[in-house]
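Accompanying notes for the structure given below.
Read the figures in this text as sums done on the coordinates, not as results from a lab. What you see is a predicted model, and the numbers here were worked out from it, not measured in a lab. Neighbour counts are summed over all protein chains in view; Cβ atoms, including those assigned to glycine, are modelled from backbone coordinates with ideal geometry.
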Amino acid sequence: MLGLEFPPINEILRWQDVFSSFNKIALIAVAAAVLGTVVFLLAGSKDATVAPKGIRNLAETSVEFIEDSVIMQTMGKEGLGWTPFLLSLFVFIFLCNMTGIIPILQMPATARIAIPLFLSLLVWIVFIGTGLKHQKARYFTNLLWPPGVPAALKPLVGLIEFFSTIIVRPLSLTVRLFANMLAGHILLVTFALLSEAMFQAKTHVPLLNIGGVLPFFMLVFLTAFEVLVVFLQAYIFTILTAVYIGSSTHAEH
Amino acid sequence: MLTAVVTQSGSAFTVHLVATVPPNSTAEQTTSSEPMLLAANEVASVTATAEETIKPGPSPIAPELKEVAWGGGSFVVFAVLMRFVLFPRLKKGMDARYAGIRADHEGADATRAEAKAEVAGYEAQLAGVKAEAAAHIDAARQTLEAERAARLEVVGAEIAQHRAAATAENDAARAAVQSQIESAVADVSGRAIELAVGKRPDATVVARVVADVMGAGVSR
């Protein structure tokens with residue numbers, strides 16, 4: 001009989017600390033920041049006068065992606081000053097996500113809630129700060145009661161706007177990234193364990209061992225799918241950040 | 001004596017009480033399912049031991065401070081570096097290259113405009129030359145026409161002259177032949193009349209009649 005014991009959730013999410021205040025998630029986060037820095041440093045050191053190729057091409061493509069597909073679509077030309085922040089957000093999340101499908105590491109740092117939560121709170125502070133900078137104290141009144149709201153609806157709209165903007169935005173940013181990456185990680189673990197268990201099962205039915213290729217193929221497919229998820233989640237987080245910051249700069253939003 | 005053995009499976013913890021007396025016959029019983037004949041203080045002791053042994057990991061969705069600190073710190077450092085060092089260097093190079101490309105495009109546009117102007121000038125010159133050539137051709141054609149007309153006139157005059165001469169010659173020949181024929185017809189007619197009536201008619205009259213008849217025949 002095939003016996004498959006799924007490991008405890010903490011076993012697939014938490015790893016032995018490297019030292020007491022530094023674990024694998026911290027290691028991945030630091031590695032993502034270092035890798036991002038090295039890539040852009042190397043790209044910046046290449047000859048800029050000729051057509052970009054290799055690492056410079058990669059860096060310039062990511063800059064143009066953020067400018068054209070994120071900022072110009074949400075904030076317009078006046079939002080181009082936010083390129084460094086949004087670029088670092090995208091690159092950092094992307095690299096933290098990517099470790100989920102890199103052999104040996106095989107753990108997206110964003111599948112733990114710490115990093116998504118920190119980034120969401122940072123974005124929350126940034127878009128509220130931007131709103132205060134552009135609209136001064138009227139930011140909060142404009143936020144709660146967008147221009148044109150009838151007086152009778154103000155209490156209801158104010159309540160809804162308060163919750164949706166102040167509470168739900170950081171929460172949804174956090175949970176969306178964290179839950180997607182955690183679900184992807186658990187799925188990969190599930191199919192990897194199932195493949196291993198079926199391949200190694202001591203059974204009188206050899207077909208069961210051969211059948212292990214099915215979850216293995218599913219594992220391969222899900223790994224490829226996870227590449228898309230990795231990119232998509234980084235993009236969604238970044239574009240929503242741009243939308244929130246853009247909406248803070250104008251009262252009509 | 002009973003010993004508490006704690007095993008973890010997922011988030012569930014199971015406590016087994018293992019009796020060690022007698023030495024070679026171990027009996028396992030769970031605290032939850034099997035009522036144990038233990039003294040109250042023994043039960044309390046077992047529970048306390050189990051609680052000390054169970055150290056559940058933190059909630060999988062609870063943020064750990066060290067992860068927040070390292071993750072957040074890493075991002076902040078990266079973002080600051082990106083804002084003040086990495087992005088400006090990269091963007092400066094991109095802007096310089098795009099400015100160069102833009103300048104090249106503008107240079108190419110200017111060159112294209114110059115080339116277009118030159119082509120337009122060349123085409124204007126070509127049109128002038130073509131017009132001049134057409135004028136020359138027209139003039140030559142008119143000259144040729146005039147010469148041709150003059151030559152035709154001369155040739156026509158020559159032909160008319162020749163024709164007049166030929167006509168005159170022809171008329172003279174015809175007149176000569178006609179007088180001979182009239183003479184012969186008159187002679188034959190006089191002879192015929194003579195043979196018919198036995199008397200020769202006046203030659204003058206016969207000649208006049210023949211001339212009239214032939215003249216009428218010619219006109220007919």
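Before moving on, here are some points about what is shown:
- Rg and Dmax of the protein assembly as shown, based on Cα coordinates, read 57.4, 207 Å.
- FRET efficiency, residue A:133 to residue A:220 (Cβ-Cβ, R0 51 Å, nearest 0.05): 0.55
- Projected-area mean, region A:113-184, by convex hull of Cα positions, square nanometres: 5.5
- At R0 = 30 Å, FRET efficiency that the Cβ-Cβ distance of residue A:105 and residue A:209 yields, to 0.05: 0.55
- For the residue pairs A:53/A:77; A:24/A:46; A:77/A:154; A:77/B:91; A:133/B:92, the C-alpha atoms sit more than 21 angstrom apart in A:53/A:77; A:24/A:46; A:77/A:154; A:133/B:92.
- On the principal axes of its alpha-carbon atoms, region A:9-249 has extents of 76, 56, 37 Å, going from largest to smallest.
- Modelled spin-label separation between residue B:203 and residue B:188, with each label point placed 7 Å from Cα along the Cα-to-Cβ direction: 1.9 nm.
- Mean residue ellipticity, 222 nm, helices only, the protein assembly as shown: the sum of -39500 (n - 2.57) across DSSP H runs of n ≥ 4, divided by residue count and rounded to 500, is -24000 deg cm²/dmol.
- Among residues other than residue B:84 with Cβ under 14 Å from its Cβ, the summed charge is +4 (Lys and Arg +1, Asp and Glu -1).
- Summing Cβ point charges (Lys, Arg +1; Asp, Glu -1) relative to the Cα centre of the protein assembly as shown gives a dipole of roughly 640 debye.
- For trypsin sites (Lys or Arg not before Pro), the sites in region A:94-175 that DSSP calls loop and that have at most 16 other Cβ atoms within 10 Å are A:136.
- Value of relative contact order over chain A, rounded to a whole percent, pairs C-alpha under 8 Å and six or more apart: 27
- Sparse-neighbourhood loop sites, chymotrypsin sites (Phe, Trp or Tyr not before Pro) in region A:149-250 - DSSP loop, at most 14 other Cβ within 10 angstrom: none
- Taking a point 7 Å from the Cα of residue B:103 along the Cα-to-Cβ direction, the residues of region A:37-56 with backbone N closer than 14 Å to it are A:49-50.
- Listed by number, the DSSP H helices of chain A that run 30 Å or longer by alpha-carbon position along their axis and have mean Kyte hydropathy of at least 1.6 are A:24-45, A:213-249.
- Nearby lysines by direct alpha-carbon distance to residue B:130 (threshold 30 angstrom, same-chain neighbours under 8 apart not counted): B:116
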